[in-house]
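Each reported figure results from applying straightforward, stated rules to the coordinates on display, with no laboratory input. Only a predicted model underlies this, so the values are computations on that prediction, with no experimental measurement involved. Cβ placement follows ideal geometry from the backbone for every residue including glycine, while neighbour counts extend to all protein chains displayed.
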Amino acid sequence: MKKLYFGSNLKMYKTPTETELYLQDLQERTKDISREEIELFILPSFVCLERAMHVTDADLIRIGAQTLHWEEEGQFTGEVSARMIEDLGLTMVMVGHSERRHVFGETDAEEAKRVQTALQHGFITLLCIGETAEEKEMDATEDVLREQLKVGLSSVTPETVGQVRVAYEPVWSIGVNGTPASAEYAGKVHATIKKILEELFGEAAAGIPVLYGGSVNPDNACDLIALPAVDGLYVGRAAWDAEKFDRLIREAMVKAKEAGK
């Protein structure tokens, strides 16, 4: 069985105390699962990171940051640099989440600079991509994803390609009112993403995990993880209860094995 990837972005939902309790619970529940079979990562808000690092075993749960600025330091009030994240001992950074792009107006070019900085600091770098409902209706999904990947990963070299991960999160499927993508649609788009990555990086693309995120829940997780081109699940609010996330992971692992993954 190849390694499966399970993660969650806690966004702006848990306080430092709530995050600490959640991580302790999640770690205890999942510690018996071989990390040769899965990788589990959680991205708390910035104010929770230090406490998160203190209560987790890095071999069991990888803690990451939700974004970073591309400059090492400077007059950027409210921003956080790679050096600051690095000093906490983190090994992972997310770039380009839909909310960063569509709420805060980040561009593909800015995401590319963030990716470059993250890679230079040795972080595992998770690039989020996805199309809006309008782009989907215009049949522009492949063009949009190609541009996001081509620009966002423009600084990736043969030496750093192993640090890259991709999360496909269709904009129309995430959030409280999101509509989950069908397994058929997700499978088709993931195959397209794999094709684009191969065009960009050749054989090395096979080592880039591509996760599906977008209203993943206990009802669709098994169908999604069984898809050949889906390497893992990036779970939203369905992961924010440790017991439910643990159950989702275990059920998905069983389904993946049944699917021959």
Only counting other Cβ atoms within 10 Å, I'd like C48, C222 sorted with the fewest neighbours first.
C222, C48
Straight-distance crosslink candidates among lysines, where the alpha carbon sits under 23 Å from K255 and sequence neighbours closer than 8 are dropped
K2, K3, K31, K188, K194, K244
In deg cm²/dmol, rounded to the nearest 500, the helical mean residue ellipticity at 222 nm of the chain, built from -39500 (n - 2.57) for every DSSP H run of length 4 or more, is -12000 deg cm²/dmol
Footprinting exposure proxy for F76, F6 (fewest neighbouring C-beta atoms within 10 Å first):
F76, F6
Using +1 on the beta carbon of Lys and Arg, -1 on that of Asp and Glu, and nothing else charged, what's the dipole of the range 4-258 about the Cα centre, debye to 20?
300
Could you tell me which residue out of L233, M12, W172 lies farthest along the dipole of the chain toward its positive end? Charges go on the beta carbon: Lys and Arg +1, Asp and Glu -1, centred on the Cα centre.
L233
Of M84, M92, M53, the one that fluctuates the most in a GNM where the chain has Cα springs shorter than 10 Å
M84
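Hey, fewest Cβ within 10 Å first, where do M1, M253 land in order?
M1, M253
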